[in-house]
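**Q** First, the structure itself, so that you have it in front of you.
Every number in this text was worked out from the coordinates using simple rules, so none of it is lab data. Bear in mind that the values here come from a model prediction, so they are computed numbers and not experimental data.
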Amino acid sequence: MRPQVLLVAFAVLAVLAALPIAHGQGASPWPCCDKCGVCTKSIPPQCRCQDVSPTGCNSACKSCVRSTGGFQCADSITNFCERRCTPAA
């Protein structure tokens, strides 16, 4: 009986982990990136994202720079490109 309970608990946890977590107005949790830029070869990799936002960077971004079409976060963050901000097309 106990292994079945653990299996069910694990299955529920896996489903909850797969659900998108929304912050604010449908945005993905940060850091996230749709257009990955340069990553180091270290493990885990430190990456830069090439996403451009017309309204500015996330408040957690330390180095927000103005670029063509808006603003871009220039931070190098561990596994920056691991999670997409928007669903894949």
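**Q** Read phi for every residue in the stretch 73-82 and hand back ³J(HN,Hα) as whole Hz from Karplus 6.51 cos²θ - 1.76 cosθ + 1.60, θ = phi - 60°, with x for Gly and Pro.
**A** After applying 6.51 cos²θ - 1.76 cosθ + 1.60, I find 7, 9, 5, 9, 10, 4, 6, 3, 8, 6 Hz.
**Q** Tell me which residues come under 5 Å, amide H to amide H, from ARG83 once H is placed; ignore anything under 5 positions away on its chain.
**A** Under 5 Å from the amide H of ARG83: CYS33.
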